[in-house]
Amino acid sequence: MSHNSFGHLFRVTTWGESHGPALGCVVDGCPPLIEVSEAELQHWMDRRKPGQSRFTTQRREPDQVKILSGVFEGETTGTPISLMIENVDQRSKDYGDIKDKYRPGHADYTYHTKYGIRDYRGGGRSSARETAARVAAGGIARKVLGPDIKITGYLTQIGDKVIDRSRLDLSILDDNPFWCPDAAMVDVWTDYLDEIRKSGSSVGAVIELVASGVPAGLGAPIYGKLSSDLAAAMMSINAVKGVEIGDGFSTAALTGETNADEMRAGNEDGPRFTSNHAGGILGGISTGQDVVVRFAVKPTSSILKPRDTVDIHGEETEIQTKGRHDPCVGIRAVPVGEAMMACVLADHLLRHRGQIG
């Protein structure tokens, strides 16, 4: 199996490489008669595209998405939707000096060991460039979910600099280059990343995703849990090393009476919860509360500082990565995480309707 697809009823297959002529995806299982346009999808693509600030890679890609199939006269037809994004600013020569060396922290060694061949130009299939196709698919998924389900992502930590949640303000996310919800942290992160970037190094980050308006009942017990599919989706994103739902690892320090989200009488939509430590999911099934997912990304492995490694012959050598890279991949991981959450929720919504009606 090729393992380039995810989802069940709403199924996404991505294709393409970092330095190939194009990349894209095929979305299968999208219901018919949903209005969608390239302009709507482009809105989400523009949030992820590179080169929008000095804190992301300076590769200049317009990330213009093209709908090749599955849409007729502005509406989905129920057939596979094929989306394509052309690569126009590849600099493959940046990788010529290291084609026989394994970059530490990258998938070079593991890809070569598994397949016996690897595309050394920017990592080929393992490059974060592949996530552009996921964002395009996420645009379709948002249309399936409809306007009542809203997904919002933001950074809560860059390096060791953490936001103050008492100052959380989601209205400022589009007003700074970090998707930062804490106005006081914007300048702190700016100065911090400037130092990191100028030193030729990189840092990691933590991204939080919140889906509001999710109805109760999505997900299934044991092997079809909404939480497990969300975790798998986030872990599939490049550089992600940890995922938590709700309070996640912090629940280890709580007591049973603190952790349990108490319920009070509500309305026809269900009970009222007094807290949301569970992140909107109990037993793998959504509760109707906000679904909260958090994931951590490691520092960008492509840095200017020389590092020790080995080459394809097993000989020790030194490597210095050239090219254009993000000092913190967490910034552009925000729209990617949103897209993956949208795809998972759309899949579970259709699965729920298929079983329950």
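Table for the structure above
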| item | result |
| --- | --- |
| Rounded accessible area of Ile222 (nearest 10 Å², 1.4 Å probe) | 100 |
| Linear extension gain, Ser236 paired with Lys198, 0.36 nm per residue minus alpha-carbon span | 10.7 nm |
| Ile222-Phe72 pseudo-label distance in nm [points 7 Å out on the Cα-to-Cβ vector] | 4.2 |
| Residue-span extension gain [Ser275 to Thr251] - 0.36 nm each, minus C-alpha spacing | 7.3 nm |
| On Cα atoms only, tilt of 226-235 relative to the major axis of the chain in degrees | 10 |
| Pairwise FRET efficiency - Asp100 versus Ala265, Cβ, R0 = 45 Å, nearest 0.05 | 0.10 |
| Unit charges on C-beta of K, R, D, E only; dipole of segment 260-311, Debye | 280 |
| Degrees, to the nearest 10: 38-48 long Cα axis against longest axis of the chain | 60 |
| FRET efficiency, Ala184 to Glu35 (Cβ-Cβ, R0 35 Å, nearest 0.05) | 0.30 |
| Net charge over other residues, Cβ less than 11 angstrom from the Cβ of Pro31 (K, R count +1; D, E count -1) | +1 |
| Under DSSP loop assignment and at most 16 Cβ neighbours within 10 Å, longest GluC sites (Glu not before Pro)-free interval of the chain | 74-261 |
| Carbon + sulfur, % of accessible area of the chain - ligands and nucleic acids excluded, 1.4 Å | 52 |
| Folded to 0 to 90 degrees: helix 131-145 orientation relative to the chain principal axis, Cα | 10 |
| Stretch in the chain that is longest and holds no trypsin sites (Lys or Arg not before Pro) that DSSP places in a loop and that have at most 16 other beta carbons within 10 Å | 100-321 |
| Cα-Cα over 28 Å, subset of Lys66/Lys198; Lys150/Lys241; Lys101/Lys161; Lys150/Lys198; Lys49/Lys241 | Lys66/Lys198; Lys101/Lys161; Lys150/Lys198 |
| In nm, spacing of pseudo-spin labels at Glu315 and Val162 (7 Å Cα→C-beta vector) | 4.7 |
| Positive dipole terminus of segment 94-230, leading residue within Ile151, Trp179, Ala137 (C-beta point charges) | Ala137 |
| 222 nm mean residue ellipticity, helices alone, for the chain (DSSP H n ≥ 4; -39,500 (n - 2.57); rounded to 500) | -8000 deg cm²/dmol |
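The values are calculated or read from the model by the stated rules, or taken from the named source; none is laboratory data. As the structure is a computational prediction, the values presented were derived from the model and not from experiment. For neighbour counting, all protein chains shown are included, and Cβ atoms are generated from backbone atoms with ideal geometry for every residue, glycine included. For accessibility, only protein heavy atoms count, side chains too; no ligands or nucleic acids. Shrake-Rupley method; radii C 1.70, N 1.55, O 1.52, S 1.80 Å.
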